[in-house]
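Only one structure is covered here, and it is reproduced in the block below.
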Amino acid sequence: MKQIGILYHPEKAITQQVAAQVSRWLDERQVENWIGPNADHASESLIQSITELLVVLGGDGSTLRAARLAAAHNIPIFCINMGRVGFLSEAELENWDEKLSAVLHGNYWRERRLMLQAQIYRGGEAHEKMVALNDVVVGRGIQARIVRLKLFVDNDHVTTYTADGLIVATPTGSTAYSMAAGGPLLPPELENFLVIPVAPHLSLGRALVLHRQAVICIEVEMDHDATVTADGQEASHLRSGDRVILQKHDHAAVFARVGSSGYFYRRLMSRLGVHRTTD
């Protein structure tokens, strides 16, 4: 590889130390590299046309931020888990050099994952735009009061929810907030969206599975604040009458994977504490 970027967590000093270690390791193998903070825009200027891989240090939150950064450049990311769960990570601190060596020698495959974009419309005018790998959540603000959420799919009114919120999730996000809210688990190779209500009151309580080209609109009705949040990291306030339009993002997140394509199910069972039994 011509050049590799290394992204550390700007608020965790230990990740900067590991970044320096990874950089020295790459230097020894005569691979050009750079180090930068893992922030949505801070490392944008560091990415060059010859950057072929981003090594991400941190947990799943770091991975989500890096995915938004890398997607527009079609750069695969290789995540070294330094967080609590690391469900999206490819390596741990004790084996990152072995797995990264395999990537350098071309012994890896690219996993593409669907991403989601959301645009806020107020009075017919476009406002903030968000991108998410996991999910976009439209729901109540700091007040513990439910909101009315009209759901439209491809311009057709599907139903109106009275609930704490609505989750629109990708297959990647099906193992996150969506799962906690009772949604189904989808393997990452699928290209579908999930719509899951949070604490619905006298409303449809089932998850909806939508096709990848669906245009989803959520219109909010309330007399208090509401919010829209992307990947649990970016948030904007909503007013009554605002619409959030969600659809497939133009770019996919790409992961550099060393293991077999069946890793998802093994890792899922492991994270859920489910152990295989033998006859």
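The values are calculated or read from the model by the stated rules, or taken from the named source; none is laboratory data. Small disclaimer: the values here were computed from a predicted structure and weren't measured. Cβ coordinates were reconstructed from backbone atoms using ideal geometry, including for glycine residues, and neighbour counts include every protein chain displayed.
Kindly indicate which of Ser62, Ser101 is more than 15 Å from Phe255 (Cα to Cα), small (Gly, Ala, Ser), part of a helix (DSSP H, G or I) and not assigned by TED's automatic domain parsing to the domain that holds Arg239.
Working: Ser62 fails: more than 15 Å from Phe255 (Cα to Cα).
Matching residue, one of Ser62, Ser101: Ser101.
Working only within region 70-92, note down all residues that are surrounded by 24 or more Cβ atoms within 10 Å (Cβ to Cβ), in contact with an Asp or Glu (Cβ under 8 Å, 6 or more places away or on another chain) and over 20 Å from Ser261 (Cβ atoms).
Ile80, the sole residue that qualifies.
Tally up the residues in region 163-184 that are in a helix (DSSP H, G or I), crowded, with 21+ Cβ neighbours inside 10 Å and out of contact with any Gly (no Cβ under 8 Å at 6 or more places or on another chain), please. Quick ask: steps written out before the conclusion?
If we filter region 163-184 for residues that are in a helix (DSSP H, G or I), which is where we start, we get 172-175, 177-180.
Filter again for crowded, with 21+ Cβ neighbours inside 10 Å, leaving 172-175, 178.
Next, only the ones that are out of contact with any Gly (no Cβ under 8 Å at 6 or more places or on another chain) stay: 172-173, 175, 178.
Residues flagged as in a helix (DSSP H, G or I), crowded, with 21+ Cβ neighbours inside 10 Å and out of contact with any Gly (no Cβ under 8 Å at 6 or more places or on another chain) within region 163-184 amount to 4.
Can we say Ala126 is of a type outside the set (D, E, K, R), part of a strand (DSSP E or B) and more than 28 Å from Gly183 (Cα to Cα)? Step through it out loud before you land on a result.
Values: of a type outside the set (D, E, K, R): yes; part of a strand (DSSP E or B): yes; more than 28 Å from Gly183 (Cα to Cα): yes.
It is true that Ala126 is of a type outside the set (D, E, K, R), part of a strand (DSSP E or B) and more than 28 Å from Gly183 (Cα to Cα).
I'm told Val136 meets every condition in (1) among the aliphatic types (A, V, I, L, M); (2) closer than 22 Å to His224 by Cα; (3) more than 23 Å from the chain's Cα centre (by Cα) except one. Can you identify the failing condition by its number?
So the condition that Val136 fails would be (3).
Pull up region 185-204, narrow it to residues that are part of a loop (DSSP other than H, G, I, E, B) and either modelled with pLDDT of 95 or more or in contact with a Pro (Cβ under 6 Å, 6 or more places away or on another chain) (or both), then point me to the one that is surrounded by the most Cβ atoms within 10 Å (Cβ to Cβ). I'd like the intermediate steps shown before the answer.
Start the filter on region 185-204 by keeping residues that are part of a loop (DSSP other than H, G, I, E, B), which leaves 185-191, 199-204.
Remaining after also requiring either modelled with pLDDT of 95 or more or in contact with a Pro (Cβ under 6 Å, 6 or more places away or on another chain) (or both): 186, 188, 190.
Working: Leu186: 23, Pro188: 20, Leu190: 14.
Filtering first and then ranking leaves Leu186.
Going by the conditions given, is Gly259 closer than 15 Å to Met130 by Cβ and not basic (Lys, Arg)? So that I can check it myself, show each step before the final result.
Values: closer than 15 Å to Met130 by Cβ: no; not basic (Lys, Arg): yes.
Criteria not met by Gly259.
Out of the residues in region 104-121 meeting the condition of being closer than 21 Å to Glu189 by Cα and out of contact with any Lys or Arg (no Cβ under 9 Å at 6 or more places or on another chain), tell me which one is surrounded by the fewest Cβ atoms within 10 Å (Cβ to Cβ). Quick ask: steps written out before the conclusion?
Within region 104-121, the subset closer than 21 Å to Glu189 by Cα is 107-117.
This time we only want the ones that are out of contact with any Lys or Arg (no Cβ under 9 Å at 6 or more places or on another chain), so: 107, 112-113.
Working: Asn107: 10, Arg112: 16, Arg113: 21.
Ranking the qualifying residues of region 104-121, first place goes to Asn107.
Sort through Asp135, Asp154 and tell me the only one that's in the same structural domain as His224 (by TED's automatic domain parsing), crowded, with 16+ Cβ neighbours inside 10 Å and either modelled with pLDDT under 95 or not β-branched (Val, Ile, Thr) (or both).
Values: Asp154 fails: crowded, with 16+ Cβ neighbours inside 10 Å.
None of the other options fit; the residue is Asp135.
Quick check: anything in region 132-148 over 26 Å from Gly182 (Cβ atoms) and either in contact (Cβ under 8 Å) with a residue 60 or more places away in the chain or not in a loop (DSSP other than H, G, I, E, B) (or both)? Steps first, answer last, please.
Quick first cut of region 132-148, residues over 26 Å from Gly182 (Cβ atoms) only: none.
Within region 132-148, not a single residue is over 26 Å from Gly182 (Cβ atoms) and either in contact (Cβ under 8 Å) with a residue 60 or more places away in the chain or not in a loop (DSSP other than H, G, I, E, B) (or both).
Taking the condition farther than 24 Å from Gln17 by Cβ, out of contact with any helix residue (DSSP H, G or I) (no Cβ under 6 Å at 6 or more places or on another chain) and buried (at least 21 other Cβ atoms within 10 Å of the Cβ), does Leu100 pass? Before the answer, list the steps.
Values: farther than 24 Å from Gln17 by Cβ: no; out of contact with any helix residue (DSSP H, G or I) (no Cβ under 6 Å at 6 or more places or on another chain): yes; buried (at least 21 other Cβ atoms within 10 Å of the Cβ): yes.
Judged against the criteria, Leu100 is not a match.
What about Phe78, is it touching a residue at least 60 places away in the same chain (Cβ under 8 Å), part of a loop (DSSP other than H, G, I, E, B) and either out of contact with any Gly (no Cβ under 6 Å at 6 or more places or on another chain) or over 26 Å from Arg212 (Cβ atoms) (or both)?
Details: touching a residue at least 60 places away in the same chain (Cβ under 8 Å): yes; part of a loop (DSSP other than H, G, I, E, B): no; either out of contact with any Gly (no Cβ under 6 Å at 6 or more places or on another chain) or over 26 Å from Arg212 (Cβ atoms) (or both): yes.
Spelling it out, it is not the case that Phe78 is touching a residue at least 60 places away in the same chain (Cβ under 8 Å), part of a loop (DSSP other than H, G, I, E, B) and either out of contact with any Gly (no Cβ under 6 Å at 6 or more places or on another chain) or over 26 Å from Arg212 (Cβ atoms) (or both).
Please work out if Ile245 is part of a strand (DSSP E or B), surrounded by fewer than 18 Cβ atoms within 10 Å (Cβ to Cβ) and touching a residue at least 40 places away in the same chain (Cβ under 8 Å).
Values: part of a strand (DSSP E or B): yes; surrounded by fewer than 18 Cβ atoms within 10 Å (Cβ to Cβ): yes; touching a residue at least 40 places away in the same chain (Cβ under 8 Å): yes.
It is true that Ile245 is part of a strand (DSSP E or B), surrounded by fewer than 18 Cβ atoms within 10 Å (Cβ to Cβ) and touching a residue at least 40 places away in the same chain (Cβ under 8 Å).
Among the residues of region 21-59, count how many are at pLDDT 95 or above, in a helix (DSSP H, G or I) and of a type in the set (S, T, N, Q).
2
Which residues, counting only those in region 223-274, are more than 30 Å from Val103 (Cα to Cα) and touching a His at 6+ places or on another chain (Cβ under 9 Å)?
Passing the criteria: Asp225, Ala226, Thr227, Val228, Ser236, Ser240, Asp242.
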